Amino acid sequence: MQNYDVLVIGAGPGGSSAARFSARHGLKTLMIEKRPDIGSPVRCGEGVSRAWMSDYGVKPNVHWISDEVKGARIYGPSERRPITLTAENAGNEVGFVIERDKFDKEMAALAAEEGADVWVKSPALSVIKEDGKVSGARIRHNGQMVDIHAKMVIAADGFESEFGRWAGLKSIILAKNDIISCIEYRMIGVDSDVDYTDFYLGSIAPAGYIWVFPKGEKEANVGIGVTISAMNDRWDVRNYLDNWIKNHPGYAKGRTIQQITGGVSVSKVRDKFTLPGLLLVGDAARLIDPITGGGIANAYVSGSYAADVAKQAIEANDFSQEMMNRYEKLVKNKFQRKHLRNWIAKEKLGKLSDENLDKLVDIISEVKMTEISVEEILKAIQAKYPEMVKELEELI
Ligand SMILES: Cc1cc2nc3c(=O)[nH]c(=O)nc-3n(C[C@H](O)[C@H](O)[C@H](O)COP(=O)(O)OP(=O)(O)OC[C@H]3O[C@@H](n4cnc5c(N)ncnc54)[C@H](O)[C@@H]3O)c2cc1C
C-alpha cells in the first residue's frame, strides 16, 4: 500500500497535465499508465491547434512537430472550391501536425519535471472506495498488486475509460450518434499539401469526414471518422476510406506504412463527470469537440482544472460532491456552450444532402471574410440561395 495526495490514471495529454499541475501545486502525485510506452501505439490524426499552448506552458518543439500548417481547407462533396481557414480568418486555431507518441512523452516528462512519479505498465484494475468516497485504486505494478491510496483520484483513462464506470458514474455512457468510429492510414508517396490540413465532407463519410493531415513532403495521415449510427457493418468505415482513396489518384498511388483504428466521442458536455474524490478529465469526461473530433487541447486544459480543484479539496480536506462540482463548473464554463453549438451543427450537417453541403461550402468559400462570422455567411446565403436560408439558418 502506498499513499499519495493525487493519483492520476492514464498518461495521455489529460493525465500528464493533471499530474504536472498537481505536482506544481506541491501535491504528492503519482501518474500510472497501463501501456509500457507512453504515447504508443499512436491512435490519433495528430492535428492540433497552437492556440492553447502558451497559456498552459507547452512550448512548440521541433522534436514533436512534423509539419506546421498555414491553415485548413474544407471541401464539399464535389470538391469544387474549399473553404480556406488561415491565421487571418481563424486566428490561432491553425497549428501543427505532430508526432503524437513524442508529444505524449514530452507531456509526461513535464509532469515528472514538476516532481510527479510516473509508473508505466501499471494498469488500474479496480477502484478503492471508503465511506462513499473514491480513495484510490488497486493497480498492477511490476507483476504485483499494489493498493494506491490517494486523497484525490483523477481519471484520465481516455475514450474507453472504465474507471469512472467502475466508481459508479453512469452519466458518461454515450448514445450511438455520439460515437465516431475512425480508421487512418499513414501514407507515403502521396500528393498532399504541406501547408494545409484538408477535410472532406459528405456521403463519402456519413456524419463525419475524411481528413488528410500532412506529415511533411509526400507523407500524410489519411483518415476517416463515421458515426456508428450510420454504419451497418464494422467494415463500412474502412470501405468508405478505401473508396475515397481509390478515387483520388494523388493518394491511390501512395503506400500505407501504418494503420490505426479508434473511437471518439462527439457528445455535448455531460451533466456529471465527478464523484466525491474523483474527477474525470479529457476523453474520459467526453470533452472532445463534437464537430472536429479534436480532444488533445481539451484534455490538457481539463487536466489543469482538475489539478486546481484537487489542490482546493486537499487544502480544505473537503472531498464532497459540492467541492467536486467546482471542477464541473470550470469545465462547463469553458466548453459547454461551444460544444452544444458544435453538437447541434454536427447533427444538422450530418443530415444535409450532398447537394446542400456543396451549396453551403460554395457560399462560405466565396464570402470575403476577414473573420468568418455567422452574419456574413447568412447574408451570403440570402443573396445566392434564398430558398436555403431556412434550412441553413438553424445550422449556422
Ligand atoms: C483515430 C483518432 C484520431 C484522432 N485525431 C485527433 C486529432 O487529430 N487531433 C486531436 O486533437 N484529437 C484527435 N483525436 C482525439 C485525441 O486522441 C484524444 O482526444 C486525446 O488523446 C485525449 O487525451 P486523454 O488524455 O483524455 O486520453 P488518451 O490520450 O486516450 O490517454 C488515456 C491514457 O490512459 C491509459 N489508460 C487507460 N486505461 C487505463 C488504466 N486502467 N490504467 C492505467 N492507464 C490506463 C491509456 O493507455 C492512455 O495512455 C483522435 C482520436 C482518434 C481515435
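The values are calculated or read from the model by the stated rules, or taken from the named source; none is laboratory data. None of the values given here were measured: they were computed from a predicted structure. Here the Cβ is made from the backbone with ideal geometry for all residues, glycine too, and neighbour counts use every protein chain on show.
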Under 23 Å from residue 286 (Cβ atoms) and not in a strand (DSSP E or B), is that true of residue 164? yes
Residue among 36, 60 that alone is surrounded by fewer than 16 Cβ atoms within 10 Å (Cβ to Cβ) and in the same structural domain as residue 279 (by TED's automatic domain parsing): 36
Of all residues in the stretch 124-137, which are buried (at least 19 other Cβ atoms within 10 Å of the Cβ) and within 15 Å of the ligand (Cβ to nearest atom)? 124, 127, 128, 134, 136, 137
Considering 59, 121, 105, which residue is farther than 25 Å from residue 291 by Cα, within 20 Å of the chain's Cα centre (by Cα), within 15 Å of the ligand (Cβ to nearest atom) and not β-branched (Val, Ile, Thr)? 105
Checked against (1) assigned by TED's automatic domain parsing to the domain that holds residue 8; (2) assigned to a loop (DSSP other than H, G, I, E, B), residue 325 satisfies every condition except (2)
Counted residues in the stretch 233-249 being touching a strand residue (DSSP E or B) at 6+ places or on another chain (Cβ under 8 Å) and either at pLDDT 95 or above or in a helix (DSSP H, G or I) (or both) come to 7
Of the residues that make up the stretch 360-367, is at least one more than 30 Å from residue 135 (Cβ to Cβ), without any contact (Cβ under 8 Å) to a residue 12 or more places away in the chain and assigned to a helix (DSSP H, G or I)? no
Could you list, in sequence order, the residues of the stretch 250-292 that are among the hydrophobic types (A, V, I, L, M, F, W, C) and either at pLDDT below 95 or within 13 Å of the ligand (Cβ to nearest atom) (or both)? 260, 264, 266, 273, 279, 280, 281, 284, 285, 287, 288, 291
Considering only residues that are loosely packed, with under 15 Cβ neighbours inside 10 Å and touching a residue at least 40 places away in the same chain (Cβ under 8 Å), which ones fall in the stretch 194-243? 195, 203, 216, 229, 234
Residues of the stretch 138-161 satisfying the condition of being crowded, with 17+ Cβ neighbours inside 10 Å, on the phi < 0 side of the Ramachandran plot and either near the ligand (Cβ under 9 Å from one of its atoms) or in a helix (DSSP H, G or I) (or both): 139, 155, 156, 157, 159, 161
Do we have any residue at all in the stretch 277-295 that's among the hydroxyl-bearing types (Ser, Thr, Tyr), over 13 Å from the mean Cα position of the chain (by Cα) and not assigned by TED's automatic domain parsing to the domain that holds residue 204? no
Would it be correct to say that residue 41 is within 12 Å of the ligand (Cβ to nearest atom) and under 18 Å from the mean Cα position of the chain (by Cα)? yes
Determine the pairs where a residue that is at pLDDT below 95 and part of a strand (DSSP E or B), located within the stretch 39-64, has a partner that is of a type outside the set (A, V, I, L, M) and within 13 Å of the ligand (Cβ to nearest atom) with Cβ atoms under 9 Å apart, the partner being 6 or more residues away or on another chain. 49/93; 49/95; 49/96; 49/294
So, in the stretch 175-200, exactly how many residues are outside any strand (DSSP E or B), among the hydrophobic types (A, V, I, L, M, F, W, C) and under 22 Å from the mean Cα position of the chain (by Cα)? 1
